[in-house]
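Report on the structure given below.
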């Protein structure tokens, strides 16, 4: 039976992770590019490798049919914590390898059990509103985090920033241990037929969008502004997403029990904004367009997830595991695509236009919803 306390605990844990990773994550690409001299194609390759590492980890988690939830979550947090420590202490190939592998392993180890448990706390009358709470909590937790990270990096340097970030994540791991249910397990299975072809395509489109953005946006922002503090302020503006708007839409959707029109709304709002980001001529236009895009991009996936879980409420674990694999395969493929574009001399900002091409595919999901 879903409980408000359980939902709150899961969202607080997510907020802690979002704060710790956003405080530092806004500067991973900057650090790799500016301090370690990694060119844009190498950075794209690192993120692509991380995505494929996430796929392998997720598939490995299905071998026994279920995993203990809290140990998996704590292991995921430990991966991103040690990745931060590697950023703060290592150089060269060892740093690049650990960055990709640990970041990739973190994604399914943490999010597979977290998503499964969180979705299990929802019902049709509150599902979309609760799913919309995901981006809202991330928005709240990350509003000031990148700016704080910029201040730390500007005064103490990047290594100190990453070590402090690792400390914050260690606190999140302790919270997960203290609040987790020791005996709880989540059932996982790879079953794309369960989703259906059109919904699988929609999830692949979402992964493609995320792969483009997590590789391109930091480098584009860096091309406009070099100060770490100012860059932190720019990313703080990005974090002011449309979480509240998504929750209001979610409550409306829960009341009328209709998901599809909200999927279409999210897609329709995001396409022109993605084009605006890809063609923005200066920092102000880029910041405004990307902030608005961050707000609207959360809408369609929220209602896709709600519609899928409405249909497959008793198969949440396999749904989340299959979704996670598809997302990461697509993230990796889009990172490889961006790598190819870099090598062909296409400006990194123009790569964001790919998002406008992926967005209509999200509208394929759950077309009867």
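The values are calculated or read from the model by the stated rules, or taken from the named source; none is laboratory data. These numbers come from a predicted model, not from an experiment. Please note: Cβ atoms are built from the backbone with ideal geometry, for glycine as well, and neighbour counts cover all protein chains shown.
Before moving on, here are some points about what is shown:
- Only one of 318, 301 that is within 30 Å of residue 65 (Cα to Cα), in contact with a strand residue (DSSP E or B) (Cβ under 8 Å, 6 or more places away or on another chain) and in a helix (DSSP H, G or I): 318
- Qualifying position, being surrounded by fewer than 18 Cβ atoms within 10 Å (Cβ to Cβ), touching a residue at least 60 places away in the same chain (Cβ under 8 Å) and more than 15 Å from residue 251 (Cβ to Cβ), among 161, 151: 151
- Selection of helices (runs of 4 or more DSSP H) fully inside the range 178-267 by the criterion of at least 1 residues being at pLDDT 90 or above returns 192-195, 197-224.
- Listed by position, the helices (runs of 4 or more DSSP H) contained in the range 1-66 that have at least 1 residues being without any contact (Cβ under 8 Å) to a residue 60 or more places away in the chain, over 15 Å from the mean Cα position of the chain (by Cα) and within 24 Å of residue 187 (Cβ to Cβ) are 4-25, 40-60.
- Qualifying residue in the range 100-117 (condition: over 25 Å from residue 47 (Cα atoms) and either without any contact (Cβ under 8 Å) to a residue 12 or more places away in the chain or crowded, with 20+ Cβ neighbours inside 10 Å (or both)): yes
- Scope the range 105-125; condition closer than 26 Å to residue 189 by Cβ and outside any helix (DSSP H, G or I); matching residues: 121, 122, 123, 124
- Of 336, 348, 288, all but one fail to be within 21 Å of the chain's Cα centre (by Cα), over 30 Å from residue 67 (Cα atoms), without any contact (Cβ under 8 Å) to a residue 60 or more places away in the chain and surrounded by fewer than 24 Cβ atoms within 10 Å (Cβ to Cβ); the exception is 288.
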